[in-house]
Amino acid sequence: MPKVSRVCASNVNSMTGHVDHGKSTLMGRLLLDLQVVDQRTVDRLKNEATQIGKSSFALAWVMDETKEERARGVTVDFATNYFETSTTKFTILDAPGHQDFIPNMIAGASQADFAVLVIDSSTNSFESGLRGQTKEHALLVRSMGVQQLIIAVNKMDTTSWSQTRFTEIETQMSTFLTSAGFQLKNITFVPVAGLTGENVVTRIGNTALWYTGPTLVSALEKQQATTRSIEKPLRLTINDIFRGGINNPLSISGRLEQGSLQVGDQILVQPAGETGHIKTIELANEAAEWAVAGQIVTLHLTNIDAAHLRQGDIVCSVASPIQNLMSFTAKVLAFEHVLPGYVDVHRGPMYQTGKVARLVALLDKASGEVVKRKPRIVQPGQVVRCVVEVEGKMPLEKGGRVVLRSEGVTVGAGLLE
Ligand code: GTP
Ligand code: MG
């Protein structure tokens, strides 16, 4: 077995926030200033973007690689990138902000330990984000277990680096985030301008003498790494499946949530119950002998029937596989009113149609104690214990996190009991 400590630290962040608030541009800026992509590449993208009248999107195009994303100027699917500073290795996922692509945001953000919530500080944009996905994304990442948040107050160039605007956003967001279950000591507000680059990697100089806090990169470096158990049974959520390579006809990639794996191991994929073997492993594009909880890995597989594998499936150990469920009890934070009725149940990239079958009890947010049995309706912000049924098998277990959505709206999110 790999000679590693009992637990493994990791630094996976996800960029979240309302559409067009500048997530991809900020990622592009980080990668440019940390020399992961070079100026020539960005200049080439700038030329191409200018030709279709989207020159301001050149840095976002570092992340937004598909034709559709570039033509529309929106991120559709999440993209993963790696970079390192002198002290820390990072994986950053750039999530889409548009409300049509929330399922992709859930798929991306469910892999992260930390989140950067990007907020456009310009006139009216912060306010429209609050009515849109700013709050929804914050609630979603909280429901996925993220406790530490960096709020990148972005596009500060459009406010002439106004301290008043920054403080206004900080005050309003702090009130909301505390009510959403975040602790203020775990939230860092950083004013930045992704497009022009101030305070991302390079400190803002004389333009904003009032700001004495960290740059975005130093705030990222200060995050307290989460620890994950490598001694628990293997669980890895498949985020991508690649078929038809000459040497590797079937490969999968995803986040190792718990446990470890090594070349030669036999694995079992749920819900289909397919088994296979790990032929080789890649970590951040380099070959590896083994991998542990917290890492994002690519596995090249053999002896497996690809026909039954889907994005969102769970790779586990043959000895202690995750069980498939058709019904479960969960503790759910209501984002909207919750009533018994039809919902889609999302677990990372996987989802099933189903229903909230029964509202068991309203719970006290802090203590978890029952405050009212059999409520008829749940108000936004309340926590409810409910029974959820799904139409197809879903691999789920105690402590697993699910998001309930209905007609394109997130109604709630919670934890399996
Ligand atoms: P989605 O992924 O579609 O949700 O959008 P996004 O949050 O990734 O935003 P994106 O990076 O695509 O940027 C949207 C627009 O905002 C582009 O025109 C950017 O040039 C502009 N923008 C981003 N950051 C800044 C900034 O710091 N200042 C200014 N002035 N504009 C910015
Ligand atoms: Mg984007």
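All of the numbers you see were taken from the coordinates with simple rules; none came from a lab. Just so it is clear, the structure is predicted and the values come from calculations on it, not from any experiment. Quick reminder, even Gly has a Cβ in these numbers, built from the backbone with ideal geometry, and neighbours come from all protein chains shown.
Some points to look at:
- Normalised by 2.2 N^0.38 Å, with N the number of residues, the alpha-carbon radius of gyration of region 235-317 equals 0.94.
- Descending semi-axes in whole angstrom, ellipsoid equivalent of the chain, from the Cα gyration tensor: 33, 29, 20
- Alpha-carbon radius of gyration plus Dmax, which is the widest Cα pair, for region 9-221 in Å: 15.8, 46
- Only Lys, Arg, Asp and Glu carry charge here, each on its Cβ (+1 for the first two, -1 for the last two); on that basis the chain has a dipole of about 1040 debye about its Cα centre.
- Peptides 339-347, 26-34 ranked from most to least packed by the mean count of surrounding Cβ atoms within 10 Å: 26-34, 339-347.
- Using only side-chain charges placed at the Cβ, +1 for Lys and Arg and -1 for Asp and Glu, the dipole size of region 13-90 relative to its Cα centre rounds to 120 debye.
- Normalised by the number of residues in region 1-104, the mean separation of alpha-carbon contacts (under 8 Å, six or more apart) gives a relative contact order of 34 percent.
- Positive-pole candidate from Asn104, Leu32, Ser128, dipole of region 9-221, charges at beta carbon: Ser128
- Rounded to the nearest 500, the helix-only mean residue ellipticity at 222 nm of the chain stands at -5500 deg cm²/dmol, with each DSSP H run of n ≥ 4 adding -39,500 (n - 2.57).
- Each Lys or Arg adds one and each Asp or Glu takes one away; over the other residues whose Cβ falls under 12 Å from the Cβ of Gln382, this sums to +2.
- Protection proxy ranking, peptides 143-149, 302-308, 190-196, average beta carbon neighbours within 10 Å, highest first: 190-196, 143-149, 302-308
- Seen from Asn124, the other residues with C-beta closer than 15 Å to its C-beta sum to a net charge of -1, counting Lys and Arg as +1 and Asp and Glu as -1.
- Shape descriptor for region 231-275: Rg over Rh equals 0.97 (Cα atoms; Rh from the Kirkwood inverse mean 1/r).
- Between the alpha-carbon centres of region 223-256 and region 100-139 there is a gap of 25 Å.
- Separation of the Val76 and Asn186 label points, Cα + 7 Å toward Cβ, nm: 3.5 nm
- Three-way shape label, region 309-376, alpha-carbon gyration tensor, a/c 1.5: prolate
- Annotation: for a label point projected 7 angstrom from Cα along Cα→Cβ of Gln163, residues of region 205-225 with backbone N closer than 11 Å are 208-212.
- Remark: region 324-416 projects, on average over all directions, an area of 5.2 nm² (convex hull of Cα atoms).
- Mean-square fluctuations from a GNM of the chain, with a 10 angstrom spring cutoff on Cα atoms, peak among Thr329, Thr66, Thr91 at Thr66.
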